[in-house]
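A.B. asks: Dropping a structure here in structure tokens format, bear with me for questions.
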Ligand code: BTN
């Protein structure tokens, strides 16, 4: 990636300082160290290649040189509009804050794909961005703590662009895809990153509004479909996705009719 072009594309966005790496272990890891060392709000780490990119639930995320987008943003909860809505339930737990920021990354990526390329991208709750039911991008929000207090959140986004970016051995019910499959022109990566960040910065100021939840719900994948939720403690629940609660939890209708709120876990399509 041409760093001059990157800085030019980002010019005008109200970001903090930018660090660019041709090759790095993980932009999330770099951003976390930077946050611990006092990075300003909205500091950005971008890499062309990651050698130990991190995914959710301990998975790996591959970013080969020139093949995708990988970047991480440092955010401080008190600068992020998580708490100030008159209309939405207060976001009271650290888990909910992380979930809302994960959704912020997914909503912004989906919106940018629509604006820049006219692609409809859905969000597989809570963090995957899918085009035609295939995963094109992933979001990983990681927290830095001081005791029980959430000090900083690093929001990492990875987008598959060329065929080289498709990781071997991805889950069978959500195989991976990449942007080039859907386009007949090469992707300008610096424009895409600028477009994602522009959308993200706009929504960040409205993170705890009904508008944000509705926008997220509009993009929610598998509404009305049967899914299996694997909870962090490995218990499983099966039900039909009915949308999002006002807090952004997944509303799952169980087979005896009751609808419950799911606060975390991994979604799989239920095989019939
Ligand atoms: C997932 O789908 O499991 C989340 C993938 C998140 C990948 C991005 S790439 C940029 C940032 N740095 C990392 O190490 N991971 C995130």
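Bear in mind these aren't lab numbers, they're just calculated from the coordinates by the rules spelled out. This is a predicted model, so every value here is computed, not measured. Glycine gets a Cβ as well: all are built from the backbone with ideal geometry, and neighbour counts include every protein chain shown.
A.B. asks: Taking a cut-off of 13 Å, what percent of all Cα-Cα pairs in the range 139-217 are separated by more than that?
C.D. replies: Numbers: 2428 of 3081 pairs.
For the range 139-217, the share of Cα pairs beyond 13 Å comes to 79 percent.
A.B. asks: What is the Rg over Rh value, at two decimals, for the chain, using alpha-carbon atoms and the Kirkwood definition of Rh?
C.D. replies: Values: Rg = 17.7 Å, Rh = 18.8 Å.
That ratio is 0.94, to two decimals.
A.B. asks: While we're looking at this one, here's another question. Hey, can you rank 135-144, 198-207, 184-193 by average C-beta count inside 10 Å, highest first? Present the calculation step by step, with values, prior to reporting the outcome.
C.D. replies: Working: 135-144: 23.0, 198-207: 17.9, 184-193: 15.2.
Answer by packing, highest mean first, reads 135-144, 198-207, 184-193.
A.B. asks: Using only the alpha carbons, work out the radius of gyration and Dmax of the range 91-182 in angstrom.
C.D. replies: 14.5, 46
A.B. asks: Multiply the residue separation of residue 183 and residue 163 by 0.36 nm, subtract the distance between their alpha-carbon atoms, and state the gained length in nm to one decimal. Display every interim value, and only then the final one.
C.D. replies: Numbers: separation 20, 0.36 × 20 = 7.20 nm, distance 1.22 nm.
So the extension gain works out to 6.0 nm.
A.B. asks: Using alpha carbons only, what's the Rg to Rh ratio of the range 1-74 with Rh from Kirkwood?
C.D. replies: On the Cα set of the range 1-74, Rg over Rh gives 0.97.
A.B. asks: Just to compare against my own numbers: the Cα pair-distance distribution for the range 129-272, 5 Å bins, whole % per bin, please.
C.D. replies: 2, 8, 13, 18, 19, 18, 14, 7, 2, 0, 0
A.B. asks: Shifting gears a bit: Helix-only estimate, please: 222 nm mean residue ellipticity of the chain, summing -39500 (n - 2.57) across DSSP H runs of length 4 or more and dividing by its residues, to the nearest 500. Display every interim value, and only then the final one.
C.D. replies: Values: 5 runs with 67 residues, N = 272.
The per-residue figure over the chain is -8000 deg cm²/dmol.
A.B. asks: How would 23, 178 line up from fewest to most surrounding beta-carbon atoms within 10 angstrom?
C.D. replies: Details: 23 11, 178 23.
Ascending Cβ contact count within 10 Å gives the list 23, 178.
A.B. asks: Something else: Report the relative contact order of the chain, percent, no decimals, based on alpha-carbon pairs under 8 angstrom and at least 6 residues apart.
C.D. replies: Details: 557 pairs, mean separation 46.7, N = 272.
Result for the chain is 17 percent.
A.B. asks: Which whole-number percentage describes the relative contact order of the range 1-60, with Cα contacts under 8 Å and a sequence gap of 6 or more? Please report the intermediate quantities before stating the final value.
C.D. replies: Values: 68 pairs, mean separation 24.1, N = 60.
With pairs under 8 Å counted, the relative contact order is 40 percent.
A.B. asks: Give the shape of the range 13-142 as rounded, prolate or oblate, defined through the alpha-carbon gyration tensor: a ≥ b ≥ c are the square roots of its eigenvalues, a/c under 1.5 means rounded, and otherwise the shape is prolate if a/b is larger than b/c and oblate if not.
C.D. replies: Numbers: a/c = 1.63, a/b = 1.11, b/c = 1.47.
In terms of gyration-tensor shape, oblate.
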